[in-house]
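*Asks:* Structure in structure tokens, see below.
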Amino acid sequence: MAFFGHHMCRAFSSSAFRSVAIKHVVIIGGGQMGAGIAQVAASTGHQVTLVDTSDAILTKAVKGIEASLKRVVKKKFADKPEAGVAFIEKALRNVSIATDAAAAVQSADLALEAIVENLKVKQDLFSVLDKTAPAHTIFASNTSSLPIGDIASATSRLDRFGGLHFFNPVPMMKLVEVIGTSATSQETFDSLMNFSNALGKTSVSCKDTPGFIVNRLLVPYMLEAVRLHERGHGSKEDIDVAMKLGAGYPMGPFELLDYVGLDTAKFILDGWSAMEPTNPLFSPSPLLNKLVADGKFGKKTGEGFYKYK
Ligand SMILES: CCCCCCCCCCCCCC(=O)CC(=O)SCCNC(=O)CCNC(=O)[C@H](O)C(C)(C)COP(=O)(O)OP(=O)(O)OC[C@H]1O[C@@H](n2cnc3c(N)ncnc32)[C@H](O)[C@@H]1OP(=O)(O)O
Ligand SMILES: NC(=O)C1=CN([C@@H]2O[C@H](COP(=O)(O)OP(=O)(O)OC[C@H]3O[C@@H](n4cnc5c(N)ncnc54)[C@H](O)[C@@H]3O)[C@@H](O)[C@H]2O)C=CC1
């Protein structure tokens, strides 16, 4: 089984650009990941512009950020409720919203995308942003499964392009994978590491290889769980209970798939299947395809493998 035989080494290129102190972050995509990253960046004193395709989506995103901040302060400021209110107000003041990404990046130190998991759509976005962003602006992708180098290839700033892979839910998950391609400069990589650390996250350095570290291990596990169920060897409920109580995972694989989003899971599976069509692990899943075709994307739509209303 090849499972993505190619291997890309990261050899830092020299760059005319110094490492950038990231103060203004433009986050494109105000879904679960973009909103979560915006929340954490704003809470740690960064100026954030959150971009999506409509005001309605952005209003929902900001409401979600406020609700999540309330959960955070309930714990963090348990004995000081006024300080908690001030913390939320300060964080929300750091967030502005926009629907025009090309205009928003004109004052950005970092443009980070968390839009749909589709190579062409991500390339189209960065190709446009490349024309309006200042020379110093670093571009980064939060992709789960696509090669960072392929996304970067749509731009003229290969040395100022890297990956920042966050985990869902962003306010709770402590890890960020920082990915450098073979063309990412050391200055850019350092800037991304510093930014991730400034968000209070623990950062690990990753090569631009399929799935980086976490998803290289997590995706096959989730795929095996679905295959096991499709073979009739376990109900999804039993598999979830087994992995929570027998392996100590906070969520079982089906709960986690619903949490991630089945639309995103399908994008990942289809993308990896295209890269390695003969690998039976990546063959289409009738169960997943049916749920996605029915608009059952998991928790975010109220139904996936399970019902949430
Ligand atoms: C063949 C078909 C298969 C397709 C295969 C394709 C596979 C594709 C899959 C790969 C996808 C990859 C996605 C990716 O790139 C990387 C990822 O992000 S993977 C996901 C990683 N995340 C996890 O593994 C999450 C695991 N779950 C948990 O850690 C917990 O369950 C969770 C923290 C989410 C919730 O905790 P829980 O105890 O279950 O519930 P509570 O509601 O009680 O929360 C506990 C605690 O946490 C606070 N909290 C929770 N969420 C938030 C939030 N969004 N904001 C703020 N605070 C939050 C909550 O308030 C609680 O606080 P207490 O003080 O304890 O009350
Ligand atoms: N869901 C997860 O657990 C994780 C997802 N990721 C990655 O993060 C990215 C986003 O995932 P989610 O937030 O879960 O998706 P989501 O579906 O919740 O949000 C995506 C958002 O992007 C917006 N969007 C799509 N195209 C756009 C464009 N051209 N311009 C502006 N906005 C656009 C959509 O309107 C939507 O609000 C994907 O690349 C995914 O692989 C990474 C880590 C974890």
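*Asks:* Which residue, A247, A98, A152, tops the fluctuation ranking in a GNM of the chain built on C-alpha contacts under 10 Å?
*Replies:* It is A247.
*Asks:* Let me spell out the model: positive unit charges on the Cβ of Lys and Arg, negative unit charges on the Cβ of Asp and Glu, origin at the Cα centre of the chain. What dipole size does that give, in debye rounded to 20?
*Replies:* Values: 33 positive and 30 negative charges, 144 e Å.
With Lys and Arg at +1 and Asp and Glu at -1, about 700 debye.
*Asks:* Oh, and also: Among M222, M251, M33, which one moves the most in a GNM of the chain with springs linking Cα atoms closer than 10 Å?
*Replies:* Maximum among the listed residues: M251.
*Asks:* So if I average 1/r over every pair of distinct C-alpha atoms in the chain and take the inverse, what Kirkwood radius in Å does that give?
*Replies:* Values: mean 1/r = 0.0494 Å⁻¹.
Every distinct Cα pair counted, the radius reaches 20.2 Å.
*Asks:* Order the peptides 290-300, 100-110 from the highest to the lowest mean number of other Cβ atoms within 10 Å of their residues. Intermediate results must be reported in sequence, preceding the final value.
*Replies:* Details: 290-300: 16.5, 100-110: 19.2.
Highest-to-lowest ranking by the protection proxy: 100-110, 290-300.
*Asks:* Another one. Mean-square fluctuation check for the chain, GNM, Cα pairs under 10 Å: which of T278, T184, T264 is largest?
*Replies:* T278
*Asks:* Taking a probe of 1.4 Å, how large is the accessible area per residue of segment 14-207, in Å²? Provide the component values of the computation, followed by the final result.
*Replies:* Working: 8350 Å² over 194 residues.
Per-residue value: 43 Å².
*Asks:* Further, regarding this structure: Roughly how many percent of the accessible protein surface of the chain is carbon and sulfur, given a 1.4 Å probe and a whole-percent answer?
*Replies:* On the way: 8510 of 14490 Å².
Using a 1.4 Å probe with all protein chains present, the chain comes out at 59 percent carbon and sulfur.
*Asks:* Distance cut-off 23 Å, Cα to Cα: go down the list K63/K122; K70/K300; K174/K244; K131/K174 and report the pairs above it. Spell out each step's value before the answer.
*Replies:* Working: K63/K122 26 Å; K70/K300 20 Å; K174/K244 20 Å; K131/K174 34 Å.
Cα-Cα > 23 Å for K63/K122; K131/K174; rest within.
*Asks:* So for the chain: antiparallel DSSP bridges make up what percent, rounded to the nearest 5? Don't skip to the answer; put the middle values down first.
*Replies:* Working: 6 of 32 bridges.
Taking every DSSP beta bridge with both residues in the chain, the antiparallel ones total about 20 percent.
*Asks:* Run the 1.4 Å probe and let me know the accessible area of H136, rounded to the nearest 10 Å².
*Replies:* Ignoring ligands and nucleic acids, H136 comes out at about 70 Å².
The values are calculated or read from the model by the stated rules, or taken from the named source; none is laboratory data. This one's a predicted model, so the numbers in the text were calculated from it and none came from an experiment. When we count neighbours, we look across all protein chains shown, and the Cβ atoms used for this are built from the backbone with ideal geometry, even at glycine. Surface areas here come from the heavy atoms of the whole protein model, side chains and all, with no ligands, DNA or RNA. Shrake-Rupley method; radii C 1.70, N 1.55, O 1.52, S 1.80 Å.
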